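Quick notes on the structure that follows.
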Amino acid sequence: MAPSAPPLLSRRLLALTLALAALVSPASAARKIPASVTPISRDLYRPSDTLLSEIKALVARNPDRLTMDTLRAGNKGYSAEMFVVTFNHVKKTAHDGSKIKILLSFGQHGRELITSELALSLLYILTEKRKIAGVDLSSFEKILEHLVIKVVPMENFNGRKRVEAGEICDRRNGRGVDLNRNWSVDWGKKEKDYNPFEEHPGTAPFSEPEAQIMQELSKSFKPHIWVNVHSGMEALFMPYDHKNTTPDGAPSHLMRSVLENVNHRNFQDSCLVGSGGGAVGYLAHGTTTDYLYDIAKVPMPFTFEIYGDEKASTEDCFKMFNPVDKITFDRVINKWCMAFLILFEEGLRTLPDGQVVSQGALDNWVPMGGEILERNMDQKSGGENGKLEGLDLGMQELKTYFRLFMLSTFLLMFMFCSRISKNRSRDSDEQSIA
């Protein structure tokens, strides 16, 4: 039986606990970890710098398959840095235009350490490791020849640093914004149980450098499949997050079919499958996945929730979002690495040829709150690592502004004509009296 979604009451209790902690002592309350709260398991989880260094070393050992880019952005005195690892098997013999392009993001929320560990393990499987829990992976080699995979192992590096410094419940970035509420689809809408400590959406869509980098990356790469990896429960989600429904039509059926096949083949139908807004128990506004489906037109955008301890106290954040013993840790890593390999296979089998060969131009973009400052390429991999394009004001936003302009003009003309009519009527009445 599929595990139930975390009850809404538990979410509200967690939000209330975090808010009270911040009010008592915003600067230091989160750093004082009570004895009853589980600390970070240092024997299982690498420090962020160590994990990224290990990924850099892996890239250096496998230049025929891996390359790494460093992306940086900043505004208003705040900056962010992000590493992007690209896997491209047999580059010299296969044309990238006919390959499935997959974008995977891990560590968007700082407290979800297990997701970045999964990213590292997946990169090992794509290059040096040939087995998962004794299962031979040679059968997937042919599939990998048809894929280009970009992996963001730690999207929220600054937020991760806050967690490592003791703010163990924090999911936000370095200046207190939830990166999975900073995208433009239904941005800024607040539910009744909204708490800024948990879900602060920022001052505007894409106000945060991390979101700017990811938007730019999605625009330049144009993935066919996107997965945003989180923890807190075990689930395979598709759009939408901001409403209790899934999209209409054949694309939605294809997405659900892929997720149900992954669930059946790898999890024995034990994961929740469906829309995030319909299954979790609360709606989320301004999420990455909804933007990539509605605006960027990614054919298959998903959210994977890879682990959750529903019995953990609402104050015990590390235990709630991360395995704390080696047996569970290894089981989660192995199980979800296999899930990704099955996803790759299902995506290759399911995506129509027309979507693989060519995707339409992405012309629906909102202005960013800052700018991409720098992009370093540690290794070059042909045309795909060309200079990132600047973002322009998208057609969808222009149409919206035009409609608002026309509505305002109509209202002003109506008011003007009404005033003239009233003046004429008053003059006529005065003349009749005279």
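Here are a few things to note about the model shown:
- Net lengthening on full extension, Asp325/Lys142 (0.36 nm per residue, minus Cα-Cα): 62.4 nm
- Using a probe radius of 1.4 angstrom, the carbon and sulfur fraction of the accessible surface of the stretch 48-350 is 52%.
- Straightening the chain between Ser79 and Arg61 buys 3.5 nm, computed as 0.36 nm per residue apart minus the Cα-Cα spacing.
- Neighbourhood net charge (9 Å Cβ-Cβ; Lys/Arg +1, Asp/Glu -1) for Ile306: -2
- Ordering of 161-170, 101-110 by burial proxy (mean other Cβ atoms within 10 Å per residue, highest first): 101-110, 161-170
- Counted residue by residue at 0.36 nm each, then reduced by the alpha carbon distance between them, the extension gain from Thr203 to Glu310 reaches 35.3 nm.
- Within the stretch 48-350: Cβ-based charge dipole about Cα centre, in debye rounded to nearest 20 (Lys, Arg +1; Asp, Glu -1): 800
- Solvent exposure of the stretch 48-350, expressed per residue, is 32 Å² of accessible area, with all protein chains present and a 1.4 angstrom probe.
- Summary of packing: across the peptides 198-210, 225-237, 74-86, 123-135, the per-residue average of other C-beta atoms within 10 Å ranks them, highest first, as 225-237, 198-210, 74-86, 123-135.
- Over 23 Å (Cα to Cα) - which of Lys131/Lys219; Lys142/Lys335; Lys99/Lys150 fall in this group: Lys131/Lys219
The values are calculated or read from the model by the stated rules, or taken from the named source; none is laboratory data. Values in this document were obtained by computation on a predicted structure and should not be read as measured data. Don't worry about glycine lacking a Cβ; one is built from the backbone with ideal geometry, like all the others, and counts go over all protein chains shown. Just the protein is used for accessible areas: all its heavy atoms, side chains included, with ligands, DNA and RNA removed. Shrake-Rupley method; radii C 1.70, N 1.55, O 1.52, S 1.80 Å.
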